[in-house]
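Trainee: Got a structure for you, written out below as structure tokens; questions coming shortly.
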Amino acid sequence: SHRQPASRGRLTSPAKAGIVVAPRSYTTIRDTTKLNRCHLITGRTSYLLPTLVRSEIDEQASGPQIVTVEDSTTCIHGSRGRWKPAAETLLAEPRIVAELAKATLEPNPQVPWDEWVADYAKVRDAIEATYPDQFERFNQRLDIPGGFPRPVAARQRRWETESGKAHFKVPKALCASFDDGRDHGVLRLITLRSNDQFNTTVYGYDDRLRGISGSRMIVMMNRDDRIRFGIAEKGKARLTTAVDDGVRRSMGGFEVIDYDIPAGTCAAYFPECNALLPLWHYAEESKTPAAKSIPIRVTAE
């Protein structure tokens, strides 16, 4: 078992969170560097494939490898491991991906998995050949101080349109969700991350950004909404997705806290609340899950 410090509690399973979803089995497969909470809450069955972290030496057929990372300013840096791996059996992420691909896909001479695993520089060569305008001299620029930036036209105030000016698109509707927004018993759920979370990987229970600690089973509500729904301050609540598609999506055991959030909306953490998001609820073009606009009903427990 993987325990958090005693004051933070233990990892919570979906069953203990009171999740009710369709009668089907969800399986997740993850390559992972460290046990964390999301291993328990995104699927009923989880397969974990331990992998090297960037700080560990990644030794392949051509020698120690260099990986690259892109920071929040779109600058790309080379990264080299410095420490002995935690176990000799650990595989690097490229090796895991390659072995899965070889076991499931037909051979393709355009995708030399074994060559790419043996020398990551060849992967970067392929990236450069595919996107020459963004990754010119990719392997030669890995150690530029501060990294080298991917070109972003807007950063230079260059608009690649027929007019040469920025164009703004008008949304089809003010409501970005599947309800019409007229039912005042429905709140708009925004799912968000804590500051001790990286994407869906949850490392702890302290959200210093919002002054919340000790638990992630929290729903933040406008005080007037909480009172309107008859929920006591720091009382327990159940969240149920407000959609009639034959699947009941409901989660209980949330502690309700008053928070400075607009009336008609509420907020909770993800991936804890992923079970409330229908698979078909996503952005029209990007297909990104619409996790910032989930219509729900909140009831006291």
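Trainee: Just to be sure I understand the filter: pairs with C-beta atoms under 7 Å, separated by 6 or more residues or on different chains, first member in the stretch 172-197 and open to solvent by less than 40 Å² (accessible area, probe 1.4 Å), second member of a type in the set (Ser, Thr, Tyr) and not in a loop (DSSP other than H, G, I, E, B). Which pairs pass?
Mentor: Listed pairs, sorted by first residue: Leu187/Thr265; Thr191/Tyr269; Leu192/Tyr269; Ser194/Tyr269.
Every residue, every condition in (1) basic (Lys, Arg); (2) surrounded by 15 or more Cβ atoms within 10 Å (Cβ to Cβ); (3) closer than 20 Å to Gln60 by Cα, yes or no:
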residue	(1), (2), (3)
Pro109	no, no, no
Trp116	no, yes, yes
Tyr120	no, yes, yes
Arg137	yes, no, no
Pro145	no, no, no
Arg150	yes, yes, no
Gln156	no, no, no
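Trainee: Applying the selection to the stretch 29-38, what residues are open to solvent by less than 40 Å² (accessible area, probe 1.4 Å) and either modelled with pLDDT of 85 or more or touching a helix residue (DSSP H, G or I) at 6+ places or on another chain (Cβ under 7 Å) (or both)? Break it down stepwise before answering.
Mentor: Kept after step one, since they are open to solvent by less than 40 Å² (accessible area, probe 1.4 Å), are these residues of the stretch 29-38: 32, 36-38.
Listed by number, the list holds a single entry, Thr32.
Trainee: Filter the stretch 161-178 down to residues that are under 25 Å from Leu189 (Cα atoms) and of a type in the set (D, E, K, R) and give me whichever is modelled with the lowest pLDDT.
Mentor: The qualifying residue modelled with the lowest pLDDT is Lys172.
Trainee: Go through the stretch 255-294 and report how many residues are in a loop (DSSP other than H, G, I, E, B), surrounded by fewer than 19 Cβ atoms within 10 Å (Cβ to Cβ) and aliphatic (A, V, I, L, M).
Mentor: Residues meeting the conditions: 6.
Trainee: Filter the stretch 222-254 down to the residues that are part of a strand (DSSP E or B) and under 21 Å from Phe178 (Cα atoms), then identify the one that is farthest from the chain's Cα centre (by Cα).
Mentor: Looking at the filtered set, the residue picked out is Arg238.
Trainee: From the residues in the stretch 110-157 that are part of a loop (DSSP other than H, G, I, E, B) and under 17 Å from Glu93 (Cβ atoms), which one is modelled with the highest pLDDT?
Mentor: Asp119
Trainee: If I ask for residues that are assigned to a strand (DSSP E or B), open to solvent by less than 30 Å² (accessible area, probe 1.4 Å) and farther than 16 Å from Thr32 by Cα, which ones from the stretch 198-210 would you list?
Mentor: Correct list: Asp207 only.
Trainee: Counting just the residues of the stretch 220-254 that are under 22 Å from Pro289 (Cα atoms) and of a type in the set (Asp, Glu), which one comes out least open to solvent (accessible area, probe 1.4 Å)?
Mentor: This residue is Asp245.
Trainee: Is it the case, given these coordinates, that Glu160 is in a loop (DSSP other than H, G, I, E, B), of a type outside the set (S, T, N, Q) and open to solvent by 70 Å² or more (accessible area, probe 1.4 Å)? Before you say what the answer is, go through the steps one by one.
Mentor: On the way: in a loop (DSSP other than H, G, I, E, B): yes; of a type outside the set (S, T, N, Q): yes; open to solvent by 70 Å² or more (accessible area, probe 1.4 Å): yes.
Spelling it out, Glu160 is indeed in a loop (DSSP other than H, G, I, E, B), of a type outside the set (S, T, N, Q) and open to solvent by 70 Å² or more (accessible area, probe 1.4 Å).
Trainee: Quick one: Asp125 ticks every box in (1) at positive phi; (2) open to solvent by 40 Å² or more (accessible area, probe 1.4 Å) except a single one, so which number is it?
Mentor: Here Asp125 clears every test but (1).
Trainee: Of the residues that sit in the stretch 58-72 and are polar (S, T, N, Q) and over 19 Å from the mean Cα position of the chain (by Cα), which one is most open to solvent (accessible area, probe 1.4 Å)?
Mentor: Ser62
Trainee: Somewhere in the stretch 5-21, is a residue open to solvent by 30 Å² or more (accessible area, probe 1.4 Å) and modelled with pLDDT of 80 or more?
Mentor: There is no residue in the stretch 5-21 that is open to solvent by 30 Å² or more (accessible area, probe 1.4 Å) and modelled with pLDDT of 80 or more.
Trainee: Please find, within the stretch 42-57, the residue that is surrounded by the fewest Cβ atoms within 10 Å (Cβ to Cβ) out of those that are in a loop (DSSP other than H, G, I, E, B) and touching a helix residue (DSSP H, G or I) at 6+ places or on another chain (Cβ under 8 Å). Walk me through it before giving the result.
Mentor: Of all residues in the stretch 42-57, those in a loop (DSSP other than H, G, I, E, B) come to 42-44, 52-55, 57.
Now restrict to residues that are touching a helix residue (DSSP H, G or I) at 6+ places or on another chain (Cβ under 8 Å): 42, 52.
Numbers: Thr42: 18, Leu52: 25.
Looking at residues that are in a loop (DSSP other than H, G, I, E, B) and touching a helix residue (DSSP H, G or I) at 6+ places or on another chain (Cβ under 8 Å), I get Thr42.
Trainee: Does Ala166 satisfy being outside any loop (DSSP other than H, G, I, E, B) and open to solvent by less than 100 Å² (accessible area, probe 1.4 Å)?
Mentor: Taking the combined requirement at face value, the residue does not satisfy it.
Trainee: Shifting gears a bit: Conditions first: (1) open to solvent by 50 Å² or more (accessible area, probe 1.4 Å); (2) out of contact with any Gly (no Cβ under 9 Å at 6 or more places or on another chain); (3) assigned to a strand (DSSP E or B). Arg297 passes all but one, so which condition is the exception?
Mentor: Unmet condition: (2).
The values are calculated or read from the model by the stated rules, or taken from the named source; none is laboratory data. Here the structure is a predicted model, which is why all the values come from computation and not from measurement. FYI the Cβ positions are ideal-geometry reconstructions off the backbone, even for glycines, and counts take in every protein chain you see. Please note that ligands, DNA and RNA were not included when accessible areas were found on the heavy atoms of the full protein model with its side chains. Shrake-Rupley method; radii C 1.70, N 1.55, O 1.52, S 1.80 Å.
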